[in-house]
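Derivation of every value follows stated rules applied to the coordinates shown; laboratory data play no part. Source: prediction; values computed, not measured. Ideal geometry is used to build each Cβ from the backbone, glycine not excepted, and the neighbour counts take in all protein chains shown.
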Amino acid sequence: MIRRVIILGLLIVFSLSLIAIAEEELTGNEILEKVDEQNQAKDGKIKVKMTIVNEKGQKMERQLEIFIKEDDKSLITFLSPADVEGTKFLTVGDDMWLYLPALGKVRRIASHMKNKSFMQTDFSYSDIGGMGSSYEEDYDATLIGSEEIEGSDCYVLESQVTKEDSEYDKAKVWVRKDIFLVVKVELYEDSDLKKLLIMSDVTQEGQYWIGHHIEMHTVKKGSKTVMDMESVEFDIGLDDSYFTKRYLER
């Protein structure tokens with residue numbers, strides 16, 4: 001009996017050692033690869049309540065509908081309030097267009113404008129347009145440790161930004177170990193912390209995990225933009241016609 005207990009104890013220790021070794025063998029870029037694999041929906045439709053909170057604590061609310069599709073395609077439509085209703089923002093790869101109903105025409109977003117504020121939010125055009133982009137392609141990451149966030153153990157990655165024309169040069173990224181979901185990102189420009197992205201209220205939608213509450217903070221300014229997901233649908237068979245300039249004017 002004692003021998004069986006000893007053998008069982010050794011097996012448990014050996015199993016835990018294998019788990020620890022497996023974790024250590026993952027590199028930063030391999031972790032980001034798993035993040036992308038976890039988020040490989042073909043397409044999706046999300047309804048969002050957006051709350052913009054300025055540095056004085058004043059709030060402004062908006063309702064959005066977001067369509068996303070693999071190959072870096074996204075379409076955002078503002079549903080309310082009246083002053084932004086009907087405004088649409090299209091991203092296809094690195095190309096971006098904005099439709100303003102008051103002007104009745106589509107305007108291409110020039111490269112020098114991509115790092116500017118998107119519709120008075122704390123997201124830049126590049127931030128909001130990169131929602132469906134690849135973490136592995138945009139970052140060169142090194143695993144630097146582990147940290148617990150809201151009861152979940154996370155990998156902590158130090159990452160150099162590899163995306164051309166990015167407003168950031170490096171990032172610190174927290175990835176949940178159990179589901180390989182990014183839950184926190186610190187974004188740096190010239191070694192100064194510029195923005196903080198936090199994702200919480202994590203639940204599973206079908207086979208995918210998603211943070212239903214997203215906050216983007218502009219650190220020095222003291223403002224933030226909050227996005228609460230009110231409904232989420234994935235793999236619904238969106239037609240490519242949604243992601244065209246012609247659709248923007250409909």
Task: Most mobile of THR87, THR218, THR203 in a GNM of the chain (Cα contacts under 10 Å) - done: THR203
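When only C-alpha pairs under 8 Å and at least 6 residues apart count, what is the relative contact order of the chain, in percent?
Details: 508 pairs, mean separation 51.2, N = 250.
Over the chain, the number comes to 20 percent.
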- [ ] Arrange THR91, THR77 by Cβ neighbour counts within 10 Å, fewest through most, would you?
- [x] THR77, THR91
Open item on the list: Using Cα springs under 10 Å in a Gaussian network model of the chain, which residue among ASP153, ASP127, ASP240 shows the largest mean-square fluctuation?
Closed with: ASP240
TODO: May I ask you to evaluate 6.51 cos²θ - 1.76 cosθ + 1.60, the Karplus curve with θ = phi - 60°, for each residue of the stretch 103-110 and list the ³J(HN,Hα) values in order in whole Hz, giving x for glycine and proline?
DONE: 8, x, 8, 8, 10, 6, 8, 5
- [ ] With no solvent and one equal point scatterer placed on each C-alpha of the stretch 27-248, evaluate the Debye formula and give log10 I(q)/I(0) for q = 0.09, 0.11, 0.12, 0.14 Å⁻¹, two decimals.
- [x] -0.35, -0.53, -0.64, -0.90
TODO: Take GLU230, GLU136 and order them by how many other Cβ atoms sit within 10 Å, fewest up front.
DONE: GLU230, GLU136
Open item on the list: If R₀ is 41 angstrom, what is the calculated FRET efficiency for the pair ASP240 and MET60, using the beta carbon separation as r and rounding to 0.05?
Closed with: 0.80
- [ ] Step through the residues of the stretch 181-197 one at a time and calculate ³J(HN,Hα) from phi using the Karplus curve (6.51 cos²θ - 1.76 cosθ + 1.60, θ = phi - 60°), rounding each to whole Hz and writing x for Gly and Pro.
- [x] 10, 6, 10, 7, 9, 9, 10, 10, 10, 6, 6, 9, 5, 9, 9, 10, 10
Task: Gaussian network model of the chain, Cα within-10 Å springs - most flexible of SER146, SER126, SER159 - done: SER146
